[in-house]
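**Student:** The structure's right below; bear with me while I get my questions together.
No lab work stands behind these numbers, since they all come straight from the coordinates. What you see is a predicted model; the values in this text were computed from it and never measured. Every residue, glycine among them, receives a Cβ derived from its backbone with ideal geometry; neighbour counts consider all protein chains shown.
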Amino acid sequence: MSMMGEMTFFLGLQVNQSPHGIYINQSKYVLEILNKYGMESCDPVGTPMEIKDKLDLDQNGTPVDTTKYRSMIGALMYLTSSRPDIVHATCFCARYQAKPTEKHLKEVKRIFCYLWGTVNMSLWYTKDSGFELTRFLDVDYAGCKDTFKSTFGRAQFLGEKLDSWSS
C-alpha cells in the first residue's frame with residue numbers, strides 16, 4: 001500500500017483535516033442536487049420542515065410525478081449520511097412515495113430550500129472530544145395522522161460529537 005496524501009474525498013463525503021480535527025460535509029453534492037431539481041435559486045428557509053401541521057395522505061390532492069418525487073427523496077436520503085438535521089423531515093416525506101401530491105412535493109422542496117441556506121454545514125470532529133458514549137431517544141406515540149404509527153428518533157454521541165443518528 002502506498003501513501004497517496006491526505007484524504008479529501010471519500011464515498012461522496014468531502015473531508016477537510018486540520019491539526020485540531022476533521023470536517024465532513026457534502027456541499028458539492030448539495031449543489032449538484034439543487035441544480036438537478038432546479039432549486040438553486042429558491043429562498044432559503046430556517047428549518048427543513050414546517051412545524052405547525054403534519055403531512056397526511058392528501059387523498060384529494062393533485063398527484064405529481066412519482067418517479068421525480070422518489071428521485072428527490074433518494075437524493076435526500078443519501079445526503080443524510082452527513083446531515084442529521086434533515087433526517088426526520090426526509091423520512092417523514094418518504095412515507096408518501098406511493099402517491100405523492102403537490103402538498104408532499106411542497107414539503108420536499110422546502111427541504112431543498114433549507115439545504116440552499118445551509119450548503120456548507122459540516123460535521124466537526126475534534127481530536128480531543130472524549131470517549132463517553134451518550135444516547136438520546138424520542139418517540140411520538142401514534143403521531144401519523146393516517147396510520148397512527150409512531151415515529152422513533154435517536155442520536156448517539158461519542159464524547160461531545162455526534163456519532164450516529166436515525167429517524
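**Student:** Quick one: in the stretch 102-120, which of the residues that are buried (at least 17 other Cβ atoms within 10 Å of the Cβ) and aliphatic (A, V, I, L, M) is nearest to Glu32 (Cα to Cα)?
**Tutor:** Per the criteria, the residue is Leu115.
**Student:** Can you go through Leu137, Leu123, Leu133, Leu158 and tell me which one is in contact with a strand residue (DSSP E or B) (Cβ under 9 Å, 6 or more places away or on another chain), without any contact (Cβ under 8 Å) to a residue 40 or more places away in the chain and surrounded by 14 or more Cβ atoms within 10 Å (Cβ to Cβ)?
**Tutor:** Details: Leu137 fails: surrounded by 14 or more Cβ atoms within 10 Å (Cβ to Cβ); Leu123 fails: without any contact (Cβ under 8 Å) to a residue 40 or more places away in the chain; Leu133 fails: surrounded by 14 or more Cβ atoms within 10 Å (Cβ to Cβ).
The unique qualifying residue is Leu158.
**Student:** Still on this structure: Just to verify a result, which residue in the stretch 119-130, among those that are assigned to a strand (DSSP E or B) and not aliphatic (A, V, I, L, M), is farthest from Asp85 (Cα to Cα)?
**Tutor:** Thr126
**Student:** Scan Lys52, Lys99 and give me the residue that is out of contact with any Phe, Trp or Tyr (no Cβ under 8 Å at 6 or more places or on another chain) and touching a residue at least 12 places away in the same chain (Cβ under 8 Å). Even if it seems obvious, please write down each step before you answer.
**Tutor:** Details: Lys52 fails: touching a residue at least 12 places away in the same chain (Cβ under 8 Å).
It is Lys99.
**Student:** Being assigned to a helix (DSSP H, G or I), of a type in the set (D, E, K, R) and under 18 Å from Glu50 (Cα atoms): is that true of Arg70 here?
**Tutor:** Numbers: assigned to a helix (DSSP H, G or I): yes; of a type in the set (D, E, K, R): yes; under 18 Å from Glu50 (Cα atoms): no.
Considered against the rule, which asks whether it is assigned to a helix (DSSP H, G or I), of a type in the set (D, E, K, R) and under 18 Å from Glu50 (Cα atoms), Arg70 comes out as no.
**Student:** Name the single residue, out of those in the stretch 131-167 being among the hydroxyl-bearing types (Ser, Thr, Tyr) and assigned to a strand (DSSP E or B), that is nearest to Tyr96 (Cα to Cα).
**Tutor:** Going through the stretch 131-167, the residues among the hydroxyl-bearing types (Ser, Thr, Tyr) turn out to be 134, 141, 147, 150-151, 164, 166-167.
This time we only want the ones that are assigned to a strand (DSSP E or B), so: 134, 151, 164, 166.
Working: Thr134: 33, Thr151: 15, Ser164: 25, Ser166: 19 Å.
Once the filter is applied, the top-ranked residue is Thr151.
**Student:** Return the pairs, sorted by first residue and then second, in which the second residue is of a type outside the set (D, E, K, R) and loosely packed, with under 14 Cβ neighbours inside 10 Å, the first residue lies in the stretch 17-44 and is free of Cβ contacts under 8 Å to residues at least 60 places away in the same chain, the beta carbons are less than 7 Å apart, and the residues are 6+ apart or on different chains.
**Tutor:** Gln26/Gly12; Tyr29/Gly12
**Student:** Only one residue in Gly117, Gly153 is touching an Asp or Glu at 6+ places or on another chain (Cβ under 6 Å), closer than 29 Å to Leu31 by Cβ and in contact (Cβ under 8 Å) with a residue 12 or more places away in the chain. Which one? Please lay out each step first, then the result.
**Tutor:** Values: Gly117 fails: touching an Asp or Glu at 6+ places or on another chain (Cβ under 6 Å).
None of the others qualify; the one that does is Gly153.
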